[in-house]
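Participant: Encoded as structure tokens, here's the structure I'll be asking about.
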Amino acid sequence: MSNKRGNFSGKVGFILAAAGSAVGLGNLWRFPYLAAKYGGGIFLLVYLILTVTFGFALMTAEIAIGRKTGLSTVGAFKKLDKRFAFLGYMGSVVPMIILPYYCVIGGWVTKYAVTFITGGADNAATGSFFSAFTEKSTEPVIWLFLFVILTAVVVLFGVDKGIEKVSKILMPALVLLTIFISVYTLFLPGAMDGVLYYITPDFSHFSVKTVLAAMGQLFYSMSISMGIMVTYGSYLKKDVNIESSVKGIELFDTGIAFFSGLMIVPAVFAFSGGDQAALGQGPGLMFVTLPKVFDSMPGGAFIGATFFILVFLAALTSSISLMETIVSIVQDKVGFSRKNSCLVVIALCLLLGIPSALGSNAWASIKILGFQFLDFFDFISNSVLMPVVALITCLFVGYVIKPKSVIDEIEMNSVRFRRKKLFVIVIKYFAPICIVLILVSSILSGLGFINI
Ligand code: PHE
């Protein structure tokens, strides 16, 4: 994206481009495994409540701040209040932590897409394919490298028109295919128990961890608390209605996450009989379960290939927006050319990405605070940094620049801000209190003081 502002052609273009950043591996890969692990229906319920409160308020605030200042994150906070420039920097660190491991998973997806295209569907459906790939070979490093380079090529050659155009075709195709596969999954024998597990909240599965996981997932999935939506907002024209755009993005993002869960969680039930270990298996879930679903479908090899190509493209649009953000920060702050900034970011991706790629094999014995590398980076960004950035953003909007400055931006051109009251309550009270409670309890439990 260039530095000219007002780049999006209008509301639909903006919603789709923002959804292009928001919809990615977070929805298709991360959401289903968290939902499976943290109790199914109860996770879903908590997630939905947080989306229409936290998610709505923070995304609205970020987009409005971007549009009001016309600047990306560091500049935007600085312009509003010099003392809060650090918030912009803090938010910028998050994409730097996420991008390397995001590219590792992007690499896995690329491997699967290529495997399906080259007729390896049966092979991928064997239970050991995934573990042989990630635990017994150094191949993930090659795929990581490939994915990083592909992302960098797009970022380097500019994505002015690209992001918007690609998203317009890709997003609807992905939605249709995800719905199609999830409906198919429902007809697998034994899948109905899984559907019930997924949509019926069972309060005995509730814990603080459910809320923490759902909150981290929300930030990650909606690309909030990391400055990205501030940047996107700065490209937005003044006559676009922010509130209804946010609604559109939320609907897209949550809808795709919901259907991805419906595509994967009941399938795990069907193939494992609801075994807790299978449900809690984490990052590998999509890569182990879906190939089996495809294997059981007529024409599954073709559908599987199409699916992984779409996931690959969705991951690519998200990694582009992550890399673009970091490259423009390096460019602005260090003064490097675009090309050199890109090289720096590629180096960063490999440096931090290789440990994540090898974390479940050659380097499996190295643990940070008990986590493997990939899980560690995921935890630090989603469960620690993003909540902290979100908390300070709420306090900043609620008590420093005051909600009115955001509200004025939204109500510009006499647009009515329908959920204004909700916005103020969430930003000033609900979100800060919840985030503090959750952070404190997760730190206490991390230190072994309480057991949640
Ligand atoms: N929201 C993206 C996803 O769900 C991940 C992402 C985060 C993309 C931040 C860009 C910026 O996969």
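Participant: Relative to the Cα centre, what is the charge dipole magnitude of region 271-350, using +1 at the beta carbon of each Lys and Arg, -1 at the beta carbon of each Asp and Glu, and rounding to the nearest 20 debye? Working shown, then result.
Facilitator: Numbers: 4 positive and 4 negative charges, 58 e Å.
Dipole of region 271-350, to the nearest 20 debye: 280 debye.
Participant: How tilted is helix 242-272 with respect to the longest principal axis of the chain? Cα atoms for both, answer in degrees (0 to 90, nearest 10).
Facilitator: Computed tilt is about 20 degrees.
Participant: What dipole magnitude, in Debye to the nearest 20, does the chain give about its Cα centre under +1 on Lys/Arg Cβ and -1 on Asp/Glu Cβ?
Facilitator: Values: 33 positive and 22 negative charges, 343 e Å.
That gives the chain a dipole magnitude of about 1640 debye.
Participant: Averaged across orientations, what area in nm² does the convex hull of the alpha carbons in the chain project?
Facilitator: Numbers: hull surface 80.1 nm².
For the Cα atoms of the chain, the hull's average projected area reads 20.0 nm².
Participant: Right, something else. What residues of region 242-257 lie in the reach of a label at ARG416, counting those whose backbone N is under 15 Å from a point 7 Å from the Cα along Cα→Cβ?
Facilitator: Under 15 Å, as judged by backbone N against the label point of ARG416, lie 243-244 of region 242-257.
Participant: Give me the orientation-averaged projected area of the Cα convex hull of region 332-399, in nm², one decimal.
Facilitator: Numbers: hull surface 26.4 nm².
Its Cα hull, projected and averaged over all orientations, spans 6.6 nm².
Participant: Can you give the extra length, in nm with one decimal, that the chain gains between LEU369 and LEU350 once fully stretched, where that is 0.36 nm per residue apart less the Cα-Cα distance?
Facilitator: On the way: separation 19, 0.36 × 19 = 6.84 nm, distance 2.21 nm.
The span from LEU369 to LEU350 would gain 4.6 nm if fully extended.
Participant: Excluding the sites themselves, what is the longest stretch of the chain that contains no trypsin sites (Lys or Arg not before Pro) in a DSSP loop with at most 12 other C-beta atoms within 10 Å? Please list the in-between numbers first.
Facilitator: On the way: sites that count: LYS4, LYS136, LYS161, LYS238, ARG416, ARG418.
The reported range is 239-415.
Participant: Projecting each Cα onto the charge dipole of region 76-218 (Lys/Arg +1, Asp/Glu -1 at the beta carbon, about the Cα centre), which of LEU188, ILE149, LEU174 comes out farthest on the positive side?
Facilitator: Checking the options against the dipole of region 76-218, the answer is ILE149.
Participant: To continue, here is another question. What fraction, in whole percent, of alpha-carbon pairs in region 84-124 exceed 13 Å separation?
Facilitator: Beyond 13 Å sits 64 percent of the P(r) for region 84-124.
Participant: With a point put 7 Å past each Cα toward its Cβ, work out how far ASP193 is from SER207 in nm, to one decimal.
Facilitator: Here the modelled spin labels are 2.3 nm apart.
Participant: Residue farthest toward the positive end of the dipole of the chain, with Cβ of Lys/Arg at +1 and Asp/Glu at -1: which of LEU322, GLY261, GLY282?
Facilitator: Checked the options; the winner is LEU322.
Participant: Filter the GluC sites (Glu not before Pro) in region 232-340 down to the DSSP loop ones having no more than 15 other Cβ atoms within 10 Å, then list what survives. Before the final figure, lay out each step's value.
Facilitator: Numbers: sites: GLU243, GLU250, GLU324; in loops: none.
Counting only loop positions with at most 15 other Cβ atoms within 10 Å, none of the GluC sites (Glu not before Pro) in region 232-340 qualifies.
Participant: Could you work out the mean projected area of the convex hull around the alpha carbons of region 195-317, in square nanometres to one decimal?
Facilitator: Numbers: hull surface 39.9 nm².
Mean shadow area of the hull around the Cα atoms is 10.0 nm².
Participant: Another question about this same structure. If you fit an axis through the alpha-carbon atoms of helix 386-395 and take the longest principal axis of the Cα set of the chain, what angle between them do you get, 0 to 90°, nearest 10?
Facilitator: Taking Cα atoms only, the helix is inclined about 20 degrees.
Readers should treat all values here as calculations from the given coordinates under stated rules, not as data from a laboratory. Predicted, not measured: the structure shown is a model, and the values here were computed from it. Cβ coordinates were reconstructed from backbone atoms using ideal geometry, including for glycine residues, and neighbour counts include every protein chain displayed.
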